[in-house]
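Peer 1: Structure provided below as structure tokens; questions to follow.
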Amino acid sequence: MDRLLDGRVAFISGAGSGLGRATARLFAAEGAALVLLGRRIGRLEEAVRDVAPADRLLTIACDIGDFRSVQDAVARGLKRFGQIDILVNSAAILPPRGALVRTTPDEWDRAFATNVSGAFYLMREVLPAMESAGYGRIINVTSGWSCDGAPGYAVYAATKAALDSLTRSLAGELAGSGVDILVNALSPGVMRSDMWPEGRDPEEVAMWPDVRDPEEVAPDLLRLATLPTGGFSGRIVRHGEPW
Ligand SMILES: NC(=O)c1ccc[n+]([C@@H]2O[C@H](COP(=O)([O-])OP(=O)(O)OC[C@H]3O[C@@H](n4cnc5c(N)ncnc54)[C@H](OP(=O)(O)O)[C@@H]3O)[C@@H](O)[C@H]2O)c1
């Protein structure tokens, strides 16, 4: 039986844990070749060891906040597989909870370097290959806090607002350009993951009635990665809502 991603090559950042990991496993099961990025290569390998055959897998230790590292990673992925069909920007960091007035400039810089610059670098570097192939699906993982705001998490919320804006702007640039490249963002809702350690605490879970596992959200990314030609672009969709 044909799988949904047979013949596709997907780059996934932050694939060593959480939503990136669940997405990598789902995409592997659907036949994609994977280029997985994260700072800890051991976690990338462990994430998909049992589901991704070696001939469809490349793991690269890469700090996406470093432009040269991203350039190198994209070049290695292209050399290995010859194409880039899908980019999932899932890597991000959540600075410690705290009032804006006590947030340090260093925390601000680090959050923007990963959550915004990293996503920008990856989009910038994969686009030429997508444009010459005339096909691409880019999905940025955002947060409901990007538009709602998040007292105590102002910097993180601001990074996700920037990511939403990049998503819309790039989609607008590509609309009508004749290439079948769609750019969207997914807001996954609260998930149990390394990023949200409170999510593993039963008391905290009780405060958030709607907490889910990343495996419940990954099918949304598959759906966005397989949107047909002429599908929507520039949209910020939320897990659990109709779209
Ligand atoms: N969890 C939630 O409740 C929630 C809610 C809304 C939105 N989100 C969003 O969902 C996405 C996935 O989050 P998650 O919950 O799956 O968190 P996670 O388990 O912490 O995953 C984040 C991944 O990003 C990687 N990463 C962090 N900084 C990096 C860098 N500079 N370069 C390369 N990789 C980096 C981490 O691996 P290394 O440390 O090995 O690099 C990690 O595997 C994020 O965009 C997050 O903002 C999460």
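A short reminder: the numbers here are calculations on the coordinates, not readings from a lab. Nothing here was measured: the structure is a model prediction, and the numbers come from that model. Cβ sites come from the backbone with ideal geometry, for glycine too, and all protein chains shown count toward neighbours.
Peer 1: Local charge sum around LEU5 (other residues, Cβ-Cβ under 13 Å, Lys/Arg +1, Asp/Glu -1)?
Peer 2: Result for the neighbourhood of LEU5: +2.
Peer 1: Let me ask you something else. In nm, what is the difference between 0.36 nm times the number of residues separating GLU45 and SER132 and their Cα-Cα distance?
Peer 2: Length difference between fully extended and current span is 28.3 nm.
Peer 1: Helix-only estimate, please: 222 nm mean residue ellipticity of the chain, summing -39500 (n - 2.57) across DSSP H runs of length 4 or more and dividing by its residues, to the nearest 500. Please list the in-between numbers first.
Peer 2: On the way: 9 runs with 101 residues, N = 243.
Roughly -12500 deg cm²/dmol at 222 nm, from the helical runs in the chain.
Peer 1: Sticking with this structure for a sec: Take each uninterrupted DSSP H stretch in the chain, measure its Cα extent along the helix axis, and return the ones at 15 Å or beyond whose mean Kyte-Doolittle hydropathy is at least -1.0.
Peer 2: What comes out of the filter, once short or polar helices are dropped, is 18-29, 67-81, 119-133, 154-174, 214-225.
Peer 1: Let me ask something else about it. Once you have the Cα-Cα distance between ARG223 and ASP66, take 0.36 nm times their residue separation minus that, and quote the gain in nm to one decimal.
Peer 2: Extra length from ARG223 to ASP66 when fully extended: 53.6 nm.
Peer 1: Then there's this: Suppose every K and R has +1 on its Cβ and every D and E has -1 on its Cβ; what is the size of the dipole of the range 109-160 about the Cα centre, in Debye to the nearest 20?
Peer 2: With Lys and Arg at +1 and Asp and Glu at -1, about 60 debye.
Peer 1: Could I ask something else about it? Classify the chain as rounded, prolate or oblate, taking a ≥ b ≥ c as the square roots of the eigenvalues of its Cα gyration tensor: rounded when a/c is under 1.5, otherwise prolate if a/b is larger than b/c and oblate if not.
Peer 2: Values: a/c = 1.45, a/b = 1.34, b/c = 1.08.
Rounded shape, in that the Cα axes give a/c under 1.5.
Peer 1: Can I ask one more? Kindly state, to the nearest 0.05, the FRET efficiency for TRP108 paired with ARG56, given R0 = 51 Å and r defined as their beta-carbon distance. List each step's numbers first, then the result.
Peer 2: Values: r = 38 Å, r/R0 = 0.75.
Once rounded, the FRET efficiency stands at 0.85.
Peer 1: Which value, in nm² and rounded to one decimal, describes the direction-averaged projected area of the C-alpha convex hull of the range 1-132?
Peer 2: On the way: hull surface 34.5 nm².
Here the figure is 8.6 nm², rounded to one decimal.
Peer 1: For the range 9-232, what is the charge dipole size about the Cα centre, in debye to the nearest 20, if Lys and Arg each add +1 at the Cβ and Asp and Glu each add -1 at the Cβ?
Peer 2: The dipole of the range 9-232 has a size of about 420 debye.
Peer 1: Additional query: Could you work out how far the C-alpha centroid of the range 218-243 sits from that of the range 37-100, in angstrom?
Peer 2: Here the two parts' Cα centres lie 21 Å apart.
Peer 1: Looking at the chain, what % of its DSSP beta bridges pair antiparallel, to the nearest 5?
Peer 2: Looking only at bridges with both residues in the chain, the antiparallel portion is about 5 percent.
Peer 1: A follow-up question, please. Compute the projected area of the convex hull of the Cα atoms of the range 101-243, averaged over all viewing directions, and report it in nm² to one decimal place.
Peer 2: Working: hull surface 38.1 nm².
Over every viewing direction, the Cα hull of the range 101-243 projects on average to 9.5 nm².
Peer 1: Within a Cβ distance under 13 Å of THR167, other residues only, what is the Lys/Arg minus Asp/Glu net charge?
Peer 2: +2
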